[in-house]
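Structure, as structure tokens:
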Amino acid sequence: MIARIRGNLLEVTEDSALVEVGDVAYQVLLPGYCISTLSAQTGSEVTLYTSQYFEGTPGGGNMIPRIIGFMSEKEKQFFNIYTSVKGMGIKKGLKSLSMPVETIACAIENGDEKIVISLPGIGKRLAQHIIAELSGKLDYYALSQGAPSAKGGASAGGFKAFQLEALEILTAWGEKRAEVTELIMLAQKKHPEISTAEELVPTIYRLKQGAEA
């Protein structure tokens, strides 16, 4: 089991990273929320916390080993719990994680079906299963840098309704979900007074274009 990889980040695609360790380059599959973060680190040394699985059908004679990576051990642990839900699976789990782990864990703990359904590949029925099976098990992952949990009234990195609305508007306009997610969090930090999607969307565009320091 390869539990961690540290090396030079050669490239990042829409679903994976190529990390060079000595004379060997590893392809590491990634969840969507960390693609844009890692893209900015191309050419530098990175550390990914990894798990392995085999893709294919047992007995079919074509089992392919895959490595999946995360930005922290905590995120890796969350993924293991998240993909334990029946009907999830590794590929669907990776594709669906378009928001930070704290945001998703917070939504599940709060029973926020709307946010869970908004994740790529997660329909209403699966969202209900996820909430039913994992609610009460993810409080640790809904904590953000020592902040109170969502049950205590803090967002813990979670999206409010107007932020989710802005996310859906911008992705419908062709923006990348992972990039928009990060920009929403940055806008929230810089402008905590914003309370509507109408205010948030233009602020995000200003941040993206570098119009705000």
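The values are calculated or read from the model by the stated rules, or taken from the named source; none is laboratory data. Quick caveat, the model's predicted, so the values are computed rather than measured. Counting neighbours? That spans all protein chains shown, and the Cβs are built from the backbone with ideal geometry, glycine included. To get the accessible areas, we keep the full protein, side chains included, count just its heavy atoms, and leave off ligands, DNA and RNA. Shrake-Rupley method; radii C 1.70, N 1.55, O 1.52, S 1.80 Å.
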Report task. Keeping every protein chain in place, order 74, 86, 176, 124 by accessible area at 1.4 Å, biggest value first, i.e. largest first. Result -> 86, 176, 124, 74
Report summary line: For residue 25 and residue 196, extending 7 Å from Cα along the Cα-Cβ vector and measuring point to point gives, in nm, a value of 5.0
Query raised in the report: Roughly to the nearest percent, how much of the accessible area of the chain is carbon and sulfur, given a 1.4 Å probe?
Result: 52
Query raised in the report: In the chain, if every C-alpha pair distance is counted and binned at 10 Å from zero, what percent goes to each bin?
Result: 8, 32, 36, 20, 4, 0
Query raised in the report: Where the only charges are on Cβ atoms (+1 Lys, Arg; -1 Asp, Glu), what is the dipole of the chain about its Cα centre, to the nearest 20 debye?
Result: 500
Query raised in the report: How do 33, 26 stack up against each other in accessible area, from largest to smallest, with a 1.4 angstrom probe?
Result: 26, 33
Query raised in the report: In the structure displayed, which of 124/190; 86/208; 114/189 lie more than 28 Å apart, Cα to Cα?
Result: 124/190; 86/208
Report task. Please provide three numbers in whole Å: the alpha-carbon extents of region 159-213 along the principal axes, with the largest listed first. Result -> 25, 23, 16
Requested in this report: Using a 1.4 angstrom probe on the protein heavy atoms only, line up 99, 63 by accessible area, largest first.
Outcome: 63, 99
Query raised in the report: By how many nm would the segment from residue 81 to residue 128 grow when fully extended, if each residue of separation counts as 0.36 nm and the alpha-carbon distance is taken off?
Result: 15.3 nm
Query - Cβ-Cβ FRET estimate between residue 162 and residue 4, R0 fixed at 30 Å, reported to 0.05 - result: 0.20
Query - Using alpha carbons only: equivalent-ellipsoid semi-axes of region 1-88, gyration tensor based, whole Å - result: 23, 17, 12
